[in-house]
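Colleague: Here it is, the structure, as structure tokens.
Where a number appears in this text, it was derived from the coordinates with a stated rule and is not lab data. Note that the coordinates shown come from a computational prediction; the quantities given were computed from them, not determined experimentally. Virtual Cβ from ideal backbone geometry, glycine too; neighbours counted across all protein chains shown.
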Amino acid sequence: MVQRLSIRGHLPPRQVQMGSARLDVNAHQSKRFVIALQYENKSQYRYLVTSDLSWRTQAYTYRWLVEVFFEDWKLYEGWGQLAKQPDYEGSSRSLNLSLLLDHCLLLHPEQTTRLENQQPMVTVGSLLRRIQVESGLAWIRRLLATTNPIEQLERLSRTLTDVFQLVPSKKHMSSRKWCRLETTESLKYKGQAACT
């Protein structure tokens, strides 16, 4: 069926040809809810697969909320780059930290004012940038109010240089021993044999 749907909430509706079915998916060895989508001006279909068989077909239009969360989580909050633990445990811990940060930021005066006035909340990323700017400005005000701002600035400069040290790259081969890379007669033979 062809419908006009608003895909990301605030964008104008787009024409989408879509269909859905609850199907046995061999690769998953169970039944899944499969939604097939073809956007206007696109030749290929996209498929969404969910294990929740109670979904309505139009529920996929709210999937963009997941992408907004990932954008905040990785790009703005930095949890994607800072996750040091691998596998499931590492990803779940960073996700938990991210959710705790999101909940703490609900108490920020900007968010509570918006909630009280029934206005849309702001993104975590934009709120974090605002907090960073406000913190920097507050520090500059305190610095300018001191009796010797140049000495304070020099002390801060030394501290920041100590804290944010440059780390040698592990992806560059300078100052490393190279292993033996030249070919041998037996490797030449194996290469010729593989080509015939």
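Colleague: Tell me which residues come under 5 Å, amide H to amide H, from VAL25 once H is placed; ignore anything under 5 positions away on its chain.
Modeller: Correct list: SER30, LYS31, ARG32.
Colleague: Related question: How big is the Kirkwood radius of the stretch 2-62, worked out from every pair of different alpha carbons and given in Å to one decimal? If you can, show how the numbers build up before the last one.
Modeller: On the way: mean 1/r = 0.0807 Å⁻¹.
With all distinct Cα pairs of the stretch 2-62 included, I get 12.4 Å.
Colleague: Among TRP139, TRP55, rank each residue by its count of other Cβ atoms within 10 Å, from fewest to most, as a rough exposure measure.
Modeller: On the way: TRP139 12, TRP55 15.
Listed from fewest to most nearby Cβ atoms, that is TRP139, TRP55.
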